[in-house]
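Chemist: Encoded as structure tokens, here's the structure I'll be asking about.
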Amino acid sequence: MAAAGAACGGDAPRAPCAFSPRGRRSLALCGPDGRLRVWDTPSSRLQHEYVPSAHLSASCTCLAWAPPGGRQPPSKEGPQRKKRKSEAAEAGEQFDLLAIGTAVGSILLYSTVKGELQSKLDGGHDNRINCVRWHQDNGCLYSCSEDKHIVEWNTQTCKVKCKWKGDNSSVSCLCISPDGKMLLSAGRTIKLWDLETKEVYRNFTGHATAVSSLMFTTVRPPNESQPFDGITGLYFLSGAARDRLLSVWQIRSDRKDKNAVMSFTVTDEPVFIDLTVSESKEEPVKLAVVCRDGQLHLFEHILNGYCKKPLTSNCTIQIATSGKDSDATPKPVPILAAAFCSDKQSLLLVYGNTLQPIIERVSLNTAESHVCLIRDVQKTMALQTEMSVTKVKTPIVNKGAKVLVPGIPGHSATIKSQSSGMQKMESKRKPGDKEDSIEDRLGAMDIDTVKIKTKGGLPQTDSFAVLLVQGLESNDPDILNKVLQTRKDALIKNTIAKIPVHAVIPLLHEITKRLQGHPYSASQMVRWLKSVFTIHASYLSTLPDLVPQLGMLYQLMESRVKTLQKLSRLHGKLYLIITQVAALEKIQDATDINQTAKLVYEEESSEDGSEDEMIADKDSDENWDEDEEKGEQSDEEKGEQSDEEKGEQSDEREMAVEKEINGESDLDPENESEEE
């Protein structure tokens, strides 16, 4: 007995895939273009391809095959004629029903026998569905969603049978117990539910992020002497997003099961897990874990109690190209999924890309710790393409039509009509020339699209869109650099308009990664980013998870725009300083202007008279000033002298009066003069 499942939850970016329970004869894979493809694993041929009506806005998020004993739901076409016993037996043997969870909350039931949509389950969820699981006995379907609820569906009536709240946050994964009476659900914590009462039986805590994988590893308890109630003593496995450890838990009767009993360590986050369930105490559990980095880890261990140290893988498998033809260095090929075959001694490996995967069966060899398988992926895909398109008629076009290089394997290039060319050759053919053989003519008609190149090594202009899709699918840096380094706006717009819608989000991720590099590369990527948002805005607006998809791009643009205002201010200040410095240098460098007159015209008469008048005026003004000063000085001296004379005369008069009074008089004038 084996169990397989892809990582559930909204954090898993890989395309959901699942192997059919009957001998792993079919592989259901939902690609990035929204199409469901069912491949036949022994022959690696495409059996079914289903395109949902709302595949652009309601992409597939999870897949689950119905168990072999599940009952077929009624068809929408109403009552039909009663089938014969042989037809009923044949339908019962070949019946395989596939449940598809979508991003809008609806579940599609696809019949791989009829190759059509059987029914649609609506009304249970109003948000993204993270996981769907079938009940192995009664044919019921269980689903969990981002709306925090778990829904039990009746697939016969296509209606909700029961709905209850599973967690305080989104429920990311489900798993049904081997006896069908218990249900494991996981968000941030793992809960064990009783399906009859819808009550929590146990709680398990230990993961820091949302749980992405849940599955039981044993169907019988290790201690077979004690009575078995269907659940006590069983082990189950859990893995979380962005966690490199797979934890193993045991359901114990004493309720001392808060911590994991053991753990397996891997190199990266697990995206697909397959295991062989242990049915006895001595039988080891074989575990195959596919990680995000494309490696496969194989574990083989007997679950017999607590183990403190994390267990490492017994064998690691990688796939790489030979590197002999065009590429000098080998390149790794990612492994998409792996499953144990019915003999438990061989593995089914699915590797390559999701649009054209390569399915190969290899034998197990755990003696070597590391195995690297060398595979020529291009040659294998070419062989599969030739086998798959043998019934496809290749159209014939004239010279006026443009031929694009095929981007998806399974399509071949058109053949140009050579009737006109042959007529010209026949008219120019001389009688002595030899005719071309049939082999040469057939060789001339065979167009090898890989060898079509133009000057400079660059591909044709009209094949840029196909090359861009190929580079995004294969993550080839050479192709991406050739396409994204163009600077012609018209070519960029035409390329963006021709790419399919499923390549828009990978292109935005690639542009975001290049925006974080050199500024020159960032300036180139802005042109592509503008064209993507302008042309594919209607498609991007229909994506429900657009915000987390473009979160890094938004943060990058916000961080750069924050400094725009400061940089513009600094630019303005620097511009003012530079202009002022340039103006000063301009003034300093200018030569002095000679202001002396080169020619002077003089009139003699007027000039001489004016000079004499000016001299006379100057002299008169100076004399006038001197006369005024002298007059002032003479007035002052005269005033002083008159005052002195007046004083002396008054004294003499007083003396003369006194003499006359006293009778003394000087008769002799000479004596008077002498006395004086």
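The values are calculated or read from the model by the stated rules, or taken from the named source; none is laboratory data. Treat the numbers as computed from the prediction; the structure is a model and nothing was measured. Positions of Cβ are backbone-derived with ideal geometry, glycine not excepted, and every protein chain shown enters the neighbour counts. Areas reflect the complete protein model, heavy atoms only, side chains present, ligands, DNA and RNA absent. Shrake-Rupley method; radii C 1.70, N 1.55, O 1.52, S 1.80 Å.
Chemist: Compute the Cα gyration tensor for the stretch 226-378, then decide on rounded, prolate or oblate, letting a ≥ b ≥ c be the square roots of its eigenvalues: rounded whenever a/c is under 1.5, prolate when a/b is larger than b/c in the other cases, and oblate in all that remain.
Modeler: Prolate is the answer for the stretch 226-378, as a/c is 1.5 or above and a/b outweighs b/c.
Chemist: In addition: How would you order 519-529, 577-587 from highest to lowest mean count of nearby Cβ atoms within 10 Å?
Modeler: 519-529, 577-587
Chemist: To continue, here is another question. Considering only the other residues whose Cβ falls under 12 Å of the Cβ of residue 522, what net charge follows from Lys and Arg at +1 and Asp and Glu at -1?
Modeler: With Lys, Arg at +1 and Asp, Glu at -1, the net is +4.
Chemist: If we sort 202-208, 546-552 on the protection proxy, mean other Cβ atoms within 10 Å, highest first, what's the order?
Modeler: 202-208, 546-552
Chemist: One-quarter of the Cα convex hull surface for the stretch 481-597, in nm²?
Modeler: So the Cα hull casts an average projection of 12.6 nm².
Chemist: Below 11 angstrom from the Cβ of residue 341, what's the summed charge of the other residues (Lys, Arg +1; Asp, Glu -1)?
Modeler: My count for the surroundings of residue 341 gives +2.
Chemist: I would also like to ask the following. Sum up the charges of everything whose Cβ sits under 14 Å from the Cβ of residue 533, counting Lys and Arg as +1 and Asp and Glu as -1, but leave residue 533 out.
Modeler: +3
Chemist: Under the 0.36 nm per residue contour assumption, what length would be gained going from the current alpha-carbon distance of residue 209 and residue 22 to full extension?
Modeler: Here the segment from residue 209 to residue 22 would lengthen by 64.0 nm.
Chemist: Determine, for each peptide in 481-489, 244-252, the mean count of other beta carbons within 10 angstrom over its residues, then list the peptides with the highest first.
Modeler: The packing order, highest mean first, is 244-252, 481-489.
Chemist: In the stretch 517-556, carbon and sulfur make up what percent of the accessible area (probe 1.4 Å)?
Modeler: 68
Chemist: Could you go through the stretch 143-158 in sequence order and give the Karplus-derived ³J(HN,Hα) for each residue, using 6.51 cos²θ - 1.76 cosθ + 1.60 with θ = phi - 60°, rounded to whole Hz, and x for Gly and Pro?
Modeler: Per residue, the Karplus-derived 3J(HN,Hα) values read 9, 10, 9, 6, 7, 6, 10, 10, 10, 9, 9, 9, 6, 6, 9, 6 Hz.
Chemist: Something else now. Over the Cα atoms, compute the radius of gyration (one decimal) and Dmax (the largest Cα-Cα distance, rounded to a whole number) for the stretch 477-550, in Å.
Modeler: Answer for the stretch 477-550, Rg first and Dmax second: 12.1, 33 Å.
Chemist: Relative contact order, percent, of the stretch 263-340 when contacts are C-alpha pairs under 8 Å separated by at least 6 residues?
Modeler: In percent, rounded to a whole number, it is 32.
Chemist: Quick one: what are the phi-derived ³J(HN,Hα) couplings along the stretch 27-33, Karplus 6.51/-1.76/1.60 with θ = phi - 60°, whole Hz, x for glycine and proline?
Modeler: Those phi angles translate into 10, 9, 9, 9, x, x, 7 Hz.
Chemist: Here is a further query. Determine the shape class of the stretch 142-248: with a ≥ b ≥ c the square roots of the Cα gyration tensor eigenvalues, call it rounded for a/c under 1.5, and otherwise prolate if a/b is greater than b/c, oblate otherwise.
Modeler: Oblate.
Chemist: How much solvent-accessible surface does residue 493 expose, in Å² to the nearest 10, with a 1.4 Å probe and all protein chains in place?
Modeler: Roll a 1.4 Å probe over it and residue 493 shows about 120 Å².
Chemist: On to the next question. Apply the a/c threshold of 1.5 to the C-alpha gyration tensor of the stretch 196-303 and tell me whether it is rounded, prolate or oblate.
Modeler: Verdict is oblate for the stretch 196-303.
Chemist: What do you reckon, how do 518, 370 stack up by accessible area (1.4 Å probe), largest on top?
Modeler: Accessible-area ranking of 518, 370, largest first: 518, 370.
Chemist: Of the listed pairs 120/165; 488/566; 191/308; 493/513, which have alpha-carbon separations greater than 29 Å here?
Modeler: 488/566
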